[in-house]
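K.L.:
What follows is a structure written as structure tokens; I'll ask about it next.
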Amino acid sequence: MRWFIKRERFNAAFMALAAPERAALLKAHKAWVEELRAGGQPMASGFLVDRDQRPGGGGLLMVQAAGYSEALTLIQQDPLIAGAWVDWQLHEWIAAAGELVF
């Protein structure tokens, strides 16, 4: 299995939502990740902070899949992507040293 990384940033439509609506979308995203993990899908999701622990650098989701199309199909089910709430990119990660173990 290969590793893929989805990088994302909230878009203007997401940022225009009221705080409770944004919180509900983030809760749905986390529940989606946890449901897949509970079913055996290797993945992790989180957000980036600066040296002062302030968020704003976007988010990362790492997922293991057999190939790019499988990873793409999987992440397109993410509520943040399905609802067009983030601008995102998907890349395969090829380890040059070390390995990830979940």
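The values are calculated or read from the model by the stated rules, or taken from the named source; none is laboratory data. Source: prediction; values computed, not measured. FYI the Cβ positions are ideal-geometry reconstructions off the backbone, even for glycines, and counts take in every protein chain you see.
K.L.:
For residues that are surrounded by 12 or more Cβ atoms within 10 Å (Cβ to Cβ) and in a helix (DSSP H, G or I), tally how many sit in the range 31-51.
P.N.:
Our first condition is that a residue be surrounded by 12 or more Cβ atoms within 10 Å (Cβ to Cβ); within the range 31-51, this holds for 32-34, 36-37, 41-45, 47-48.
When the remaining residues are screened for being in a helix (DSSP H, G or I), the result is 32-34, 36-37.
Of the residues in the range 31-51, 5 are surrounded by 12 or more Cβ atoms within 10 Å (Cβ to Cβ) and in a helix (DSSP H, G or I).
K.L.:
Here is a further query. Please tell me if Leu60 is without any contact (Cβ under 8 Å) to a residue 40 or more places away in the chain and within 22 Å of Glu99 (Cα to Cα). Can you show your working first?
P.N.:
Working: without any contact (Cβ under 8 Å) to a residue 40 or more places away in the chain: no; within 22 Å of Glu99 (Cα to Cα): yes.
It is false that Leu60 is without any contact (Cβ under 8 Å) to a residue 40 or more places away in the chain and within 22 Å of Glu99 (Cα to Cα).
K.L.:
While we're on this one: Could we say that Val49 is of a type in the set (A, V, I, L, M, F, W, C) and at pLDDT 95 or above here? It would help to see each step written out before you state the result.
P.N.:
Numbers: of a type in the set (A, V, I, L, M, F, W, C): yes; at pLDDT 95 or above: no.
No; evaluated as a whole, the condition is false for this residue.
K.L.:
Residue check, Phe47 against (1) free of Cβ contacts under 8 Å to residues at least 24 places away in the same chain; (2) out of contact with any Pro (no Cβ under 7 Å at 6 or more places or on another chain), all met but one. Which one?
P.N.:
Here Phe47 clears every test but (2).
K.L.:
It is to be established whether one or more residues within the range 65-72 are of a type in the set (Gly, Ala, Ser) and in contact with a helix residue (DSSP H, G or I) (Cβ under 6 Å, 6 or more places away or on another chain). Give the derivation first.
P.N.:
Kept after step one, since they are of a type in the set (Gly, Ala, Ser), are these residues of the range 65-72: 65-67, 69, 71.
Then keep just the ones that are in contact with a helix residue (DSSP H, G or I) (Cβ under 6 Å, 6 or more places away or on another chain); that gives 65.
Looking for residues that are of a type in the set (Gly, Ala, Ser) and in contact with a helix residue (DSSP H, G or I) (Cβ under 6 Å, 6 or more places away or on another chain), one finds at least one in the range 65-72, hence yes.
K.L.:
Let me ask something else about it. I'd like the residue in the range 52-102 that is of a type in the set (S, T, N, Q) and under 21 Å from Glu21 (Cα atoms) and, out of all such residues, is surrounded by the fewest Cβ atoms within 10 Å (Cβ to Cβ).
P.N.:
Gln77
K.L.:
Starting from the range 70-93, take each residue that is closer than 17 Å to Trp3 by Cβ and list its partners that are surrounded by 15 or more Cβ atoms within 10 Å (Cβ to Cβ) and among the basic types (Lys, Arg), counting only C-beta distances under 7 angstrom and pairs at least six apart or across chains.
P.N.:
Final answer for the pair search is Ile75/Lys6; Trp88/Lys6; Trp88/Arg7; Gln89/Arg7; Leu90/Lys6; Glu92/Arg2.
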